[in-house]
Amino acid sequence: MNLLTNEAFHQKDKNNYLPTFIRFPITFQRAEGSRIWDVEGNEYLDALSGISVNNLGHCHPAVVEAIQKQASQLIHISNFYLSVPQAELSEKLLKITGMDRVFLTNSGAESVEGAIKIARKYASTKNRGSDILFFDGSFHGRTMATIAMGKQSMQQGFEPIPTGFRELPFNDIKALQAAINRQVSSIIIEPIQGEGGIRLADEKFLKALRTLCDEHDILLIFDEIQTGMGRTGEMFAHQHTGIKPDVMTLAKALGGGVPVGAVLTNEKAASTIKPGDHGTTFGGNPLVCAAALATIKVLQDKGFMDEVAEKGNWFKNKIKSWHEQTITEIRGKGLMLGIEFSFETKPLAQKMFDKGVLANATAGNVLRLLPPLNISYKDLEQIADVMKESVRDIKQHA
């Protein structure tokens with residue numbers, strides 16, 4: 001009996017893994033660039049990039065080389081000590097972000113948790129309350145604190161939910177102004193909501209956030225976990241507006257596929273943090289720092305970001321040229337794209353999967369596309385063609 005089958009591995013998964021995921025019936029074994037193959041040799045075109053993690057595609061040679069080299073020298077030490085890659089990555093991150101301090105983490109949720117602690121510690125020194133304002137449609141992670149800033153469906157069964165988090169309507173300046181008081185420590189926002197359906201924060205709204213935070217001496221936190229590292233055609237999404245946060249969270253694409261995140265702050269936000277206030281065992285270990293340095297170097301190649309913006313515009317224009325009546329809106333920047341349909345998009349993502357393209361349905365009726373930033377136009381054309389064929393199939397069987 002051949003054990004290298006999708007079915008065999010999924011049986012192992014059902015027997016052993018905590019049943020938290022509804023998985024597609026496939027087990028991947030290898031990948032390169034925009035292509036990925038399962039254990040049975042079937043090929044897929046990846047238009048999801050591990051949910052905006054593999055921004056350089058799968059197994060980018062520069063990242064692989066950096067990991068291999070570092071693995072042969074030094075993989076892990078305690079943060080009681082400093083490694084060369086961590087010192088270099090910290091310096092590089094401050095240079096490309098314009099921030100003043102950095103703390104390295106393992107994931108996006110851990111980065112947000114760190115940002116929450118920094119904000120509350122800062123507020124405690126200013127005789128302010130600890131409330132954190134967030135916005136409907138947000139997704140900041142799956143820890144107890146981060147689900148308190150998310151959908152109620154994610155909170156069910158995990159009560160009591162941490163308090164001190166207040167939801168506001170997205171892009172509503174009047175509601176924002178009315179919510180500011182002495183109990184507010186900080187405001188957290190995704191410049192472009194990912195799980196929320198690729199909804200863009202209005203520039204006027206971001207400017208109002210920045211102004212209110214300055215006037216009331218509260219911290220503005222930008223969650224750039226999904227939008228960062230070139231996804232939108234700039235290194236960070238907030239750079240499209242020139243509006244700068246006090247604290248920024250990163251993860252996902254930072255390490256080119258390995259788990260690494262970061263919390264970045266200005267000096268004001270960092271000023272109240274003392275030794276022992278925060279820590280991590282694996283965060284910023286030499287291996288992931290080496291991978292992150294290699295990733296950043298590629299992203300900074302001349303013309304790279306311009307190509308991301310150009311590909312995103314090309315793709316949106318391609319879809320608009322169909323004049324497909326079931327498409328109600330196309331949103332996004334760069335290669336962070338959300339196509340809103342007049343129907344639920346889970347069947348569409350399934351149809352595309354059946355035709356060999358990995359995509360994602362989110363926010364009910366939005367198809368989310370996050371292909372590798374260095375994807376070829378030929379592969380983008382294939383994604384577009386498969387999406388068009390899949391929409392046609394769904395309409396025929398409606």
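The values are calculated or read from the model by the stated rules, or taken from the named source; none is laboratory data. Fair warning: this is a prediction, and the values are worked out from it, not measured in the lab. Cβ sites come from the backbone with ideal geometry, for glycine too, and all protein chains shown count toward neighbours. Accessible surface areas use protein heavy atoms only, side chains included; no ligands, DNA or RNA. Shrake-Rupley method; radii C 1.70, N 1.55, O 1.52, S 1.80 Å.
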Checklist outcome for this item: Taking segment 1-40 and keeping residues touching a residue at least 12 places away in the same chain (Cβ under 8 Å), of a type in the set (A, V, I, L, M, F, W, C) and part of a loop (DSSP other than H, G, I, E, B) leaves LEU4, PHE24, ILE26, VAL39
Checklist outcome for this item: Taking segment 333-361 and keeping only residues that are open to solvent by 10 Å² or more (accessible area, probe 1.4 Å) and in a strand (DSSP E or B), one is left with LYS333, GLU340, LEU358, ASN360, ALA361
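Yes/no matrix, rows are residues, columns are (1) modelled with pLDDT of 95 or more; (2) closer than 30 Å to LEU250 by Cα; (3) of a type in the set (Lys, Arg); (4) in contact with a Phe, Trp or Tyr (Cβ under 8 Å, 6 or more places away or on another chain):
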{"site": "LYS12", "(1), (2), (3), (4)": "yes, no, yes, no"}
{"site": "ASN16", "(1), (2), (3), (4)": "yes, no, no, no"}
{"site": "PHE21", "(1), (2), (3), (4)": "yes, yes, no, no"}
{"site": "PHE28", "(1), (2), (3), (4)": "yes, yes, no, yes"}
{"site": "LEU45", "(1), (2), (3), (4)": "yes, yes, no, no"}
{"site": "PRO61", "(1), (2), (3), (4)": "yes, yes, no, no"}
Item to check | Residue pairs meeting the criteria (Cβ under 8 Å; at least 6 apart or on separate chains; first part of a strand (DSSP E or B), in segment 259-280; second of a type in the set (Asp, Glu)) | outcome: GLY261/GLU110; THR265/ASP100; THR265/ASP246
Checklist entry - Based on what the data block shows, is ALA291 touching a residue at least 24 places away in the same chain (Cβ under 8 Å), part of a helix (DSSP H, G or I) and closer than 30 Å to PHE103 by Cα? => result yes
Checklist entry - ILE147: under 20 Å from VAL112 (Cβ atoms), β-branched (Val, Ile, Thr), at pLDDT 95 or above and out of contact with any Lys or Arg (no Cβ under 9 Å at 6 or more places or on another chain), yes or no? => result yes
Checklist entry - With (1) open to solvent by 40 Å² or more (accessible area, probe 1.4 Å); (2) of a type in the set (A, V, I, L, M); (3) out of contact with any helix residue (DSSP H, G or I) (no Cβ under 6 Å at 6 or more places or on another chain); (4) not in a helix (DSSP H, G or I) as the list, and ILE51 as the residue in question, which single condition is left unmet? => result (4)
Checklist outcome for this item: Pairs returned, first residue in segment 144-172 that is closer than 26 Å to LEU206 by Cβ, second residue that is of a type in the set (D, E, K, R) and open to solvent by 60 Å² or more (accessible area, probe 1.4 Å), beta-carbon separation under 6 angstrom, 6 or more apart or interchain, are ASN171/ASP202
